[in-house]
1. I'd like the full set of residues that are more than 20 Å from Ser119 (Cβ to Cβ), of a type outside the set (A, V, I, L, M) and in contact (Cβ under 8 Å) with a residue 24 or more places away in the chain, limited to region 50-72.
2. Can you name every residue in region 32-84 that is small (Gly, Ala, Ser) and more than 30 Å from Glu267 (Cβ to Cβ)?
3. For region 63-83, indicate whether the set of residues that are more than 32 Å from the chain's Cα centre (by Cα) and open to solvent by 40 Å² or more (accessible area, probe 1.4 Å) is non-empty.
4. Anything in region 106-143 that is closer than 30 Å to Gly269 by Cβ and open to solvent by 60 Å² or more (accessible area, probe 1.4 Å)? List them, or say none.
5. Please verify whether Arg103 is in contact with a strand residue (DSSP E or B) (Cβ under 8 Å, 6 or more places away or on another chain), within 30 Å of Arg317 (Cα to Cα), assigned to a strand (DSSP E or B) and open to solvent by 50 Å² or more (accessible area, probe 1.4 Å), treating the condition exactly as stated.
6. Cβ contacts < 7 Å: first residue within 14 Å of Ala274 (Cα to Cα) and open to solvent by 70 Å² or more (accessible area, probe 1.4 Å), restricted to region 287-310; second residue of a type in the set (A, V, I, L, M) and in a strand (DSSP E or B), any location; separation 6+ or different chain. Result?
7. Only one residue in Thr80, Thr154 is in a strand (DSSP E or B) and farther than 29 Å from Val175 by Cβ. Which one?
8. Starting from residues that are in a strand (DSSP E or B) and open to solvent by 50 Å² or more (accessible area, probe 1.4 Å), keep the ones in region 160-181 and report whichever is farthest from Leu18 (Cα to Cα).
Amino acid sequence: MREKLANNRVLKFFFLALLFLITFSYAMFQGGFVSWFLFYSFLPFVIYSILLIFYPLSAIKMTRSISHSELTDGQELTVTIQIERKSHFPLFYLVVEDMLPDRLAPFAKEASSRYQKRSLALLLPMFKRELTYRYTIKPIPRGEYHFKKLRCRTGDLFGFVQHENMIENDQAVYVLPQYQEISWSPYNQQLSGTRPSPRKADLDYSTAVSVRDYVPGDKLSWIDWKATARGSKLLTKQFEQQISQDYMIFLDRETDHYGRVDSPLFEKGVRLAASVTNAALKQNAMIGLVSSGKDHSVLNINGGRAQRRRVFHHLARVQANGMTTFDTVVKREAHHFPAGTGVMIISPSLDGAFTSTLKELVARKVQVEFFYVTEHITLAQQAELSQLTQFGVKAHVIAGESFNEELKGGGKRATR
């Protein structure tokens, strides 16, 4: 009954009119001080409720102010809700709620009123035209969040009349992943006779580092005539090979590798991807990202602050919700890379299909750097990583929270 009254102004009006007639009839037929006292005591509430029926709740303006539109995982977000009314019509109460995304609701804390719970506040405006309350979200988790709706409710003291209004107010907040400053360089174990280049792998024809036997197809200009004169066969100059500084990061998002979508291990992997991106771009390397979950994203190789922003904004949104096996993703995407592009892979997996894929990449002369993300490492896992290293994969164990220490070798402590 009350719910129908709350949603229908005509029913509200007739219900209040009926109550008025009942009390008036009681006073007329019963007479006496008590009956008239009840009638006159009830009359102000009936009049107020009738006026409240026609009060335009949609005229109440609600706005949301957020302290930051972009911040880092773990920081605090302060949200201020402002309510403005055009008239001084008295309202006994006003319940205002900011409809939070489900993931943020548990982190919301009241900040400005004792009649408040998280993002919901009970305000007592009476004749006030402007009201304000605040709440905070701390620590705010990594993600992309959209604050969409503000809701307000009011009514009379007895609940005969209730109004509710919803306002659309869409605002986006990006919570970027944390990153660590790490003293690490991609493929810093370069071979003798090589040097980094910001372009794809090529030969530097101005610098000869050794000689080799002539093979058909070598240009005559490559022949080292002095070395040939000293020997009995044609010798060709061996030129310095420039190693590419183009790197593609693969972030493993396969759900089965983490156990659940909101895995702390996946959060560590995201922080590591952000740290590696930051370190590589600071060294003027060119970085791209492959990330495959429910969405499949490939950020093309690029450099500079704009690329850092693109990668970090993508990392703010990713979840471990991939159904396609990670080794399939790596195989599928690695075929499209230009020659000389290095591959940096972040994953908690050491299954056979995945390690075979890494070995295939090395066999195709792809530089592979593998970051094995785990909580602890066993002797068997350490042995598997040693085999990958012998095959040509540069492997790191990331078992702790300090990436710098892990990259220096501290994460290679194995347990049984």
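The values are calculated or read from the model by the stated rules, or taken from the named source; none is laboratory data. Since the model is a prediction, treat every value here as computed from it, not as a measurement. Because the Cβ atoms are built from the backbone with ideal geometry, glycine has one as well, and the counts that use them run over all protein chains shown. Each accessible area value is taken on the protein alone, full model and side chains, heavy atoms only, with ligands, DNA and RNA left out. Shrake-Rupley method; radii C 1.70, N 1.55, O 1.52, S 1.80 Å.
1. Phe54, Tyr55, Ser58, Glu70, Thr72
2. Gly32, Ser35, Ser41, Ser49, Ser58, Ala59
3. Going residue by residue through region 63-83, those that are more than 32 Å from the chain's Cα centre (by Cα) are none.
No, because not a single residue in region 63-83 is more than 32 Å from the chain's Cα centre (by Cα) and open to solvent by 40 Å² or more (accessible area, probe 1.4 Å).
4. Hits for region 106-143 are Pro106, Phe107, Lys109, Lys138, Pro139.
5. No.
6. Hits for this filter: Arg310/Leu299.
7. Thr154
8. This residue is Tyr174.
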